[in-house]
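Asks: Below: one structure in structure tokens.
Every read-out reported here was derived from the displayed coordinates using simple, explicitly stated rules and does not represent laboratory data. Note that the structure is predicted; figures quoted are calculated from it, not measured. Positions of Cβ are backbone-derived with ideal geometry, glycine not excepted, and every protein chain shown enters the neighbour counts.
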Amino acid sequence: MIPRLAPLALTLILLAGCAEDRRHVLVIDVPAQRMTVLDKGRPIATYPVSTSKFGIGDGPGTYRTPPGLMKVRKKIGDDAPAGAVFKSRQPTGEILAVNAPGRDPIVTRILWLDGLEPANRQAFSRHIYIHGTPEERTIGTPASYGCIRMRSADVIELYDLVGVGARVKVVTGDL
């Protein structure tokens, strides 16, 4: 016989699966092309990144990186190998080496961002991600088409560190 759970206990169990990551904030410093990961306000990691080569903004078709506060809405790529190619957020089965010539697909992991402010409200529908790139030689310079690119090893580490709901702040001025 299965014991009956009290309504409050049942509610807490159900909500536990919906908990968002409120510990971590990822601060993207656009001028420095760096990401700092904060855990309860304390820096725990930094990574070089690449934001858009077209600048900052949120208009459709602009290929710009949206500014301001966002959150990780979805994580895609659990256990995919480094260099695994994704098309429409699905693994293709192809794996690219670092700095593979002639191609620039999304690889390794995807953290899909959702805008929380008017200045970035279209981020989710524009498919703005933090993701791996095979073009690691461009990391540290503005080189993307709106997303925030990382080295594959770095995005794997970040993916394992933060959860859905983690806040992402794209900063364009002094921190």
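Asks: For the chain, what is the calculated [θ] at 222 nm in deg cm²/dmol (nearest 500), taking -39500 (n - 2.57) for each run of four or more DSSP H residues and dividing by its residue count?
Replies: Working: 2 runs with 20 residues, N = 175.
Counting only the DSSP helices, I get -3500 deg cm²/dmol.
Asks: Work through the residues other than Asp78 whose Cβ is under 10 Å from its Cβ and net out their charges, Lys, Arg +1 and Asp, Glu -1. Show your work: numbers first, answer last.
Replies: Working: positive: Lys75, Arg109; negative: Asp79, Asp160.
Computed value for this residue: 0.
Asks: Separate question: Once you put a point 7 Å from the Cα of Asp78 and another 7 Å from the Cα of Leu116, both along the Cβ direction, what distance in nm separates them?
Replies: Simple spin-label model gives 2.4 nm for this pair.
Asks: Treat the count of other C-beta atoms within 10 Å as a stand-in for reagent exposure and order Phe54, Phe124, Phe86 from fewest to most. Walk me through the numbers before you get to the answer.
Replies: Working: Phe54 14, Phe124 17, Phe86 21.
Taking fewest neighbouring Cβ atoms as first place, the list is Phe54, Phe124, Phe86.
Asks: Dipole of segment 20-171 (Lys/Arg Cβ +1, Asp/Glu Cβ -1, origin at the Cα centre): which of Val37, Leu69, Ile106 lies farthest to the positive side?
Replies: Value: Leu69.
Asks: Here's another thing I want to ask about it. Pick out, from Leu26, Val155, Thr133, the residue whose Cα sits farthest towards the positive end of the charge dipole of the chain, with +1 on the Cβ of Lys and Arg and -1 on the Cβ of Asp and Glu.
Replies: Leu26
Asks: Tell me the label only: which of [x] 49, 39, 27; [y] 70, 29, 25; [z] 62, 39, 32 is Cα extents along the principal axes in Å as calculated from this structure?
Replies: Label [z] holds the value from this structure.
Asks: On to the next question. For an R0 of 30 angstrom, estimate the FRET efficiency from the Cβ-Cβ distance between Ala19 and Gln90 and round to the nearest 0.05.
Replies: Working: r = 27 Å, r/R0 = 0.89.
According to the calculation, E is roughly 0.65.
Asks: With a point put 7 Å past each Cα toward its Cβ, work out how far Ser125 is from Phe54 in nm, to one decimal.
Replies: 1.6 nm
Asks: Work out the length of the dipole vector of segment 54-175 about its Cα centre, built from +1 on the beta-carbon of each Lys and Arg and -1 on the beta-carbon of each Asp and Glu, and round it to the nearest 20 debye. Let's see the in-between values first.
Replies: On the way: 16 positive and 13 negative charges, 70 e Å.
So the magnitude is around 340 debye.
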